[in-house]
Structures are given as structure tokens and as C-alpha cells.
1. What's the magnitude of the charge dipole for the chain around its Cα centre, counting Lys and Arg as +1 and Asp and Glu as -1 at the beta-carbon? Answer in Debye, nearest 20.
2. How much length, in nm to one decimal, is gained on full extension between Arg186 and Val79, taken as 0.36 nm per residue of separation minus their Cα-Cα distance?
3. Ordered by packing density, taken as the mean number of other Cβ atoms within 10 Å over each peptide's residues, highest first, how do 105-116, 183-194, 58-69 rank?
4. From the alpha carbon gyration tensor of the chain, can you work out the equivalent ellipsoid semi-axes (sqrt of 5 times each eigenvalue) and give them in Å, largest to smallest?
5. For the range 1-74, what is the charge dipole size about the Cα centre, in debye to the nearest 20, if Lys and Arg each add +1 at the Cβ and Asp and Glu each add -1 at the Cβ?
6. If packing is taken as the mean number of other Cβ atoms within 10 Å per residue, what is the order of 132-139, 163-170, highest first?
7. About the Cα centre of the range 94-155, what is the dipole size in debye to 20, counting +1 per Lys and Arg Cβ and -1 per Asp and Glu Cβ, all else neutral?
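No lab work stands behind these numbers, since they all come straight from the coordinates. Owing to the predicted nature of the structure, the values given are computational and were not obtained by experimental measurement. Positions of Cβ are backbone-derived with ideal geometry, glycine not excepted, and every protein chain shown enters the neighbour counts.
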Amino acid sequence: MVSTSGLSVRDVVVAYRTDGGATVAVDDVSLDVGRGEVVALLGPSGCGKSSLLRAVAGLEPLVAGDVRWDGESVVDVPVHRRGFGLMFQDGQLFPHRDVAGNVAYGLHGLPRAEQQARVAALLELVGLAGYGSRAVTTLSGGERQRVALARSLAPRPRLLMLDEPLSALDRTLRERLTEDVARILRRSATTSLYVTHDHDEARVVADRVGVMVAGKLLQVGTPDEVWGAPASPVVAGFLGV
């Protein structure tokens, strides 16, 4: 059954050219993400989860398949017109802008007063109220990722994609920030596709988890379903069950 609300990925194939021909990174993957839902793509490095994310964003061409939003294909829609947001692990903040300037980057079309109100609300949401005038170069790694998340949420994307957003942080900070990210995504009711290789991160953040191995999506379910009843020995082995 094809979803007509939110994101629908159908039979997607992504491949890269190599000296020996082509390497398939995403192999016939189908996945739905309902409005307001957070789905984590969990898998080892090189399994194709980031390639799938980039294909949904429009940064990688499809060899086959379709990507739809609310039942309408976006395959031929340019990246900047899809209404999707993308957050990377390094945040990619602008060092010449202060915190408020970074968050406001995607709000150029709004009147100044509305921009300021939106920025203030987002900084409060991510736990950085009063940080607007701070230089981003003075922030800690966790604070920088909070600013990056606020900036990603600012334009109210209909889908937010997060590619290993916490992997560059140390373990203790990552664990603490994982719970904050989960809270922020739920409070903002942002439909999200979250890529990670960290099992605990996926369990905390996601409403549902999709396990990817070698380019294939092997199982999708709630964290309790996936860890409680792995669909195959391969899934069980990856999860360490």
C-alpha cells in the first residue's frame, strides 16, 4: 500500500560508477514516513543509509524507483523546491554570522520582526535562549549542533533529514544531546528521517527504526518490535540480540 500522506519511497535504487562498472548503494528500498513521525535508518558504515537520504533530498540521481510527498512524485523537483531540510554531522554553520544570524539564514522572505520572533522561539526550543548574539566560534560542539538544528527547523521543512548529526560528539555529550533532539523533534512535530549507526541513538530518537545492511532495508518497526523480534539472523547479528 502506497502512503498518500508524508514521505513515500518506492523501489529506490542508487548506484555509483566505479572502474569495474557500477556499485549499487541502495538496492530496491521502499519506506514510508508519516507526517509528524521520526524514522531512523540504522545500519553499519557503508550500508547505503546516507545514500538513501541524499536520494530523497535530490542530491543523488535514482537509477530506479520513486520518491513521493503526499502522493506526488518529487523526483523531477529541484532540491531547493522540495521543501526538505538536511542537517549534517558537522553542522556547517557560517562562522561570520552570530547564532541568530545562522538560525535566520533560511528566513529571508519574512519581515524582520517575524524573523526575530521565529529565531527567539527556536533558540528557546533547543535550549539556547539568550544566545542570539554569541559568535558561533565560541560555542561548544553540542551548542553548535543545537544551533544547526534550530537553523534546519527555521523554514518549517515538511521533511527534515538528519545525517549522523551527533556522531562527531564524544559519547557522554552524544547521549545527553540524543534525548534533547528526540524531545525537540517531537515538540516541533517535524516529520524526520534520521540516519545513524548508533543503536541507542536510534532507539531514543525514533518512532520506528529501519535496519539497513548492504544496501537493503531488512526490517522496519518500532524499537520494541525490531529489538524484540529481529526479522532475520542478519538483523539479529547487527543488533547484537
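1. Its charge dipole is roughly 760 debye.
2. On the way: separation 107, 0.36 × 107 = 38.52 nm, distance 2.50 nm.
Gain in length upon complete extension: 36.0 nm.
3. Working: 105-116: 12.7, 183-194: 19.7, 58-69: 16.8.
Most protected by this proxy first, the peptides run 183-194, 58-69, 105-116.
4. Working: eigenvalues 183, 87, 56 Å².
Equivalent ellipsoid semi-axes, largest first: 30, 21, 17 Å.
5. Working: 6 positive and 10 negative charges, 33 e Å.
Charge dipole, the range 1-74, about its Cα centre: 160 debye, nearest 20.
6. Values: 132-139: 14.0, 163-170: 18.5.
Highest-to-lowest ranking by the protection proxy: 163-170, 132-139.
7. Working: 7 positive and 4 negative charges, 21 e Å.
The calculated dipole for the range 94-155 is roughly 100 debye.
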